[in-house]
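For reference, the structure is listed below as structure tokens.
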Amino acid sequence: MELEIRELEGVNIIDIKGELMASTKAKLKGAMMDLFAEDKFNIILNFKEVYIIDSSGIGLLVSALQQTRERGGDIKILNLSGFSKRTFKVTGLSTVFHLFNNEEKAVQSFHIKDQF
């Protein structure tokens, strides 16, 4: 798995390339823990190049989502396709996470709550 972390308008975007499985999840978990340590809890996970997610990867996503929401943040999912999209639908994750196909809209969604 390869990760690229970038920031846009105060939102951290993690571009993930590869498989999100038991054998690779530690890398994503470490990156997210680093963000949490810096009090960065508004995160977008870009799944454009994620082809496989196993139950261990799902567990990591749910755990990370819980941690961010407890701290007033959120994790949003960008660019689900193919196997990843089916996995989210079958497991019910598509009803738990906010899903986007457009990066700009995903970033803006974090700022909507700031206007009220």
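The values are calculated or read from the model by the stated rules, or taken from the named source; none is laboratory data. What you are looking at is a predicted structure, and each value in this text was computed from that prediction instead of being measured. Note that each Cβ is placed from the backbone with ideal geometry, even for glycine, and that neighbours are counted across all protein chains shown.
Can you tell me which residues in region 74-116 are surrounded by fewer than 19 Cβ atoms within 10 Å (Cβ to Cβ), closer than 20 Å to Lys17 by Cβ and of a type outside the set (A, V, I, L, M, F, W, C)? Listed by number, the residues that qualify are Ser81, Gly82, Lys85, Arg86, Asn101, Asn102, Glu103.
Among the residues making up region 84-116, those that are in contact with a Phe, Trp or Tyr (Cβ under 6 Å, 6 or more places away or on another chain) and at pLDDT below 95 are Ser84, Ser94. Of all the listed residues (Leu78, Leu3, Leu35), the sole one being under 15 Å from Glu104 (Cα atoms) and modelled with pLDDT of 95 or more is Leu78.
Just so you know, in region 12-40 the residues that are of a type in the set (Lys, Arg) and within 20 Å of Ser84 (Cβ to Cβ) include one that is surrounded by the most Cβ atoms within 10 Å (Cβ to Cβ), and it is Lys25. Could you check, for region 46-61, whether at least one of its residues is within 22 Å of Ser23 (Cβ to Cβ), in contact (Cβ under 8 Å) with a residue 12 or more places away in the chain, in contact with an Asp or Glu (Cβ under 6 Å, 6 or more places away or on another chain) and crowded, with 17+ Cβ neighbours inside 10 Å? Yes: one or more hits.
Restricting attention to region 57-116, the residues being aromatic (Phe, Trp, Tyr) and either outside any helix (DSSP H, G or I) or touching a Ser or Thr at 6+ places or on another chain (Cβ under 7 Å) (or both) number 4.
For region 66-80, what are the residues that are of a type outside the set (Val, Ile, Thr), touching a helix residue (DSSP H, G or I) at 6+ places or on another chain (Cβ under 9 Å) and farther than 12 Å from Lys40 by Cα? Matches in region 66-80: Lys76, Leu78, Asn79, Leu80. Restricting Ser63, Ser109, Ser56 to residues that are closer than 15 Å to Met1 by Cα and either in contact with a helix residue (DSSP H, G or I) (Cβ under 6 Å, 6 or more places away or on another chain) or not basic (Lys, Arg) (or both) narrows the list to Ser56.
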